[in-house]
Every structure is written in structure tokens, then in C-alpha cells.
Amino acid sequence: MNKIKIILISILISVFCIGKVNAEIKKVAQSGYQFLKIDADARAAAMGGAFTIVGTGASAMFYNPAGMTEGSENISFFSNHTNWLSDINYYTLGITKRLGNLGVIGLSMLASDYGEIIGTQVADNTEGFIETGNVDVDASAMGVSFAKSLTDRFSVGGQVKFVSQNLGKTLMPDGEEKSNKTDGLAYDFGTLYYPGIKSFRFGMGVRNFSKNLKYEDDSFPLPLTFTIGAAMDIMDFVGNFGEKNVFLVELDAVHPVDYTERVNVGFEYGYNKMLFLRGGYKFNHDTEGLSLGVGYSLRLLGFMTNLNYSFNDAGDFSPVNRISIGVSL
């Protein structure tokens, strides 16, 4: 166990140092593929994105793959719809399968719907432009994950995902069309550790580690994000009152490559493992802030079914709504 502690502490220190150096080098530039930063689950979004530690099952793949080992379900499935800004819609889904003592494998997918976008081109007329028809724009990610509990207290997980983004075609002066599409591989990994203090646990997650991609002659990094978090059920200290009540609290320190450090705080109150009330806040975020949400769980025909909703304040923009459904067996 002491070796596990040394390894975990070394990983956390290394990740923080690498992230600090990376941020100092690249903080002046913007990253691309911003859709990879959007919360992919209504439960997580309701908790202000503070989900690195409490995430379980299939939805954990989008935050910390090590969380796939949490829980006892054999198969876990979830799907989420995000009504994003400017009528943009994002769809995520994931499925995990437990392989006994070998670990847990998972598949994840993210797809986008940007709606109808009319393309234009500079022209020598009264308006100064002409319309060139609809622009085909899309973004997606597909991943394969694996997680394993190395001990009863320490779990690790990782994900390899193929990411792509298409920004439409450019009409060149000679009349040819040039495609503006990029793709590549990105990697996520994380850890989860229980030190033995009741339900207290902590860990870290790294998302969107990859080489730079390029449009034309301009290269850019993906939104590499380092997160260190801790969580606990406050009802551990309440006694008998906590038998049917759960009050999870998580605090995440977030270090994005393209912004200054952030802090995400979230809570989840659950009654009788059936009804859940959630809330959270993203400090130092450029757009989002307060978040709220509800959830309901019900065992139906042998399946545990979860329905979650979240409301996220988006500052000067319209609020963001998400709804997700999960099924496990």
C-alpha cells in the first residue's frame, strides 16, 4: 500500500508540474476543438463540472476513466443531450462492461448538430458578399476506455479517442473547393484513491492529451486539462440519519491549457437512493457559473434506470439545459 501511495503522489506532482510548464508556454494561445470541454452528462453539469471523483459507470469516461470501476453493475449505459449556446446541440453516449477481475472496458461517443449555417464570400457588389449555400460543419469524438482496480483502494483508467472537426469548405479564387477538416488521436487518463478515511477519496484526471493539429499553416493544441479533486459523503459524520441520506461534496482544482486556473464545486443530496438534488458553481469560468439539477432513480424490470436534468447559467447567453438517461444491470 505504501508503494501505491508513493506512485499516486508522484503522478499528481508530475501532472501538476507538466501542466504548469505547458500553461506557461501555451497560455497566450487558444486551443481548438472547444466542444471537448463541454460537460457531457447532466449529473456532472448540475454539480458544476465537479465530477472527477464521484463519476461512476459509463459517464465517468468523459471525466476520469478510473471511475468506471466504481459501483457493482455489470453493464452500464448512458446517453445525454445538451442544448448548447446558439441552438447548437451535442449528443453523448457511453457503455461499459465489467470483465471480472480483469477490469472494465468502455466505449464512448460524442456527436454535434450545429444546425443550418449559411456560408458567405467576399464579392464586389452592394452588399460586399455573396451567399455560397449551407456550410457542412460538424465535430465528433469516439473513444475506447479501460479501467482497473489495482487494490481495494486504488484504481486507474485511460481512454484513447479519435476526434475530428469539419469547418466546411473554402471556395478558392481558382474555383476549387478546399476542405477544412482535421482529425487525430487524443488520450485521457486518471486515478482514484481511498486513503481509508470513511468515504473520503481523491484523485486526478488528464483529458485531451494529444499532438497539435493544423488548419492551413496554423497549428493548435487540443484543450488539454489537468484536474485534481477530492470528494466525501458528509453524512459519514451524522450517524443513523445518514442511512437513507447521502450528501456528496466534491471540490476540483482545474488547470486548463488555454485559461487560468479554475475551481469547480458541486454537491449532491440523495434520499433513499431514489431522489437527488444537485448544485454547483464554476469559479473563474469565462461563461458558466451557477448550476442546478435533479435526478431520479428507479429499478424497473431488473434494470436500474436513472433520469437526470441540469440547468446551467451561461452569463450573457441563454441558460444551458441538459437531460440524460442511464441504465445499468
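Quick one: in region 230-254, of everything that is within 22 Å of D286 (Cβ to Cβ) and more than 14 Å from the chain's Cα centre (by Cα), which residue is most open to solvent (accessible area, probe 1.4 Å)? Full working, then the answer.
Just the residues of region 230-254 that are within 22 Å of D286 (Cβ to Cβ), to begin with: 250-254.
When the remaining residues are screened for being more than 14 Å from the chain's Cα centre (by Cα), the result is 250-251, 253.
Numbers: E250: 1, L251: 96, A253: 55 Å².
Once the filter is applied, the top-ranked residue is L251.
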For region 234-263, give me the residue count where each residue is among the charged types (D, E, K, R) and touching a Leu at 6+ places or on another chain (Cβ under 6 Å).
0
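Do we have any residue at all in region 246-263 that's more than 20 Å from Y63 (Cα to Cα) and not hydrophobic (A, V, I, L, M, F, W, C)?
So far as region 246-263 goes, no, none of its residues is more than 20 Å from Y63 (Cα to Cα) and not hydrophobic (A, V, I, L, M, F, W, C).
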Tell me which residues, restricted to region 255-274, are farther than 14 Å from G49 by Cα, open to solvent by 70 Å² or more (accessible area, probe 1.4 Å) and in a strand (DSSP E or B).
Y271
Pairs, please: C-beta under 8 Å, at least 6 apart or cross-chain, first residue in contact (Cβ under 8 Å) with a residue 40 or more places away in the chain and under 22 Å from G55 (Cβ atoms) and in region 152-172, second basic (K, R) and surrounded by fewer than 22 Cβ atoms within 10 Å (Cβ to Cβ)?
S155/K148; V156/K148; G157/K148
Give the residue that is surrounded by the fewest Cβ atoms within 10 Å (Cβ to Cβ), with candidates limited to residues of region 121-134 that are assigned to a strand (DSSP E or B) and of a type outside the set (F, W, Y).
V122
Check region 314-321 and report whether any residue there is of a type in the set (A, V, I, L, M, F, W, C) and in contact with an Asp or Glu (Cβ under 7 Å, 6 or more places away or on another chain).
yes
Boolean, F146 is at pLDDT 95 or above, out of contact with any Lys or Arg (no Cβ under 8 Å at 6 or more places or on another chain), farther than 17 Å from L222 by Cβ and not aliphatic (A, V, I, L, M)
yes
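This table checks each residue for (1) open to solvent by 10 Å² or more (accessible area, probe 1.4 Å); (2) assigned to a strand (DSSP E or B); (3) touching a Ser or Thr at 6+ places or on another chain (Cβ under 8 Å).
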site	(1), (2), (3)
F78	yes, yes, yes
H81	yes, yes, yes
S86	yes, no, no
Y90	yes, yes, yes
G94	no, yes, yes
N101	yes, no, no
L107	yes, yes, yes
A111	yes, yes, yes
G119	no, yes, yes
Checked region 275-311 for anything farther than 25 Å from N245 by Cα and surrounded by 20 or more Cβ atoms within 10 Å (Cβ to Cβ); matches are K282, E288
Filter region 287-329 down to the residues that are small (G, A, S) and more than 19 Å from the chain's Cα centre (by Cα), then identify the one that is nearest to H81 (Cα to Cα).
S318
So T287 ticks every box in (1) hydroxyl-bearing (S, T, Y); (2) assigned to a loop (DSSP other than H, G, I, E, B); (3) closer than 21 Å to I228 by Cβ but one. Which box is left unticked?
(3)
Just to be sure I understand, how many residues within region 245-268 are touching a residue at least 24 places away in the same chain (Cβ under 8 Å), touching a strand residue (DSSP E or B) at 6+ places or on another chain (Cβ under 8 Å) and not small (G, A, S)?
14
Limited to region 200-222, what total is found for residues that are within 23 Å of Y63 (Cβ to Cβ), at pLDDT below 95 and small (G, A, S)?
0
Taking region 213-229 only, how many residues are hydrophobic (A, V, I, L, M, F, W, C) and loosely packed, with under 13 Cβ neighbours inside 10 Å?
0
Can you spot a residue in region 56-70 that is surrounded by fewer than 19 Cβ atoms within 10 Å (Cβ to Cβ) and touching a Leu at 6+ places or on another chain (Cβ under 7 Å)?
no
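The values are calculated or read from the model by the stated rules, or taken from the named source; none is laboratory data. Nothing here was measured: the structure is a model prediction, and the numbers come from that model. Cβ: placed from backbone, ideal geometry, glycine included. Neighbour counts: every protein chain shown. Just so you know, the surface numbers come from the protein's heavy atoms only, side chains and all, with ligands and any DNA or RNA stripped out. Shrake-Rupley method; radii C 1.70, N 1.55, O 1.52, S 1.80 Å.
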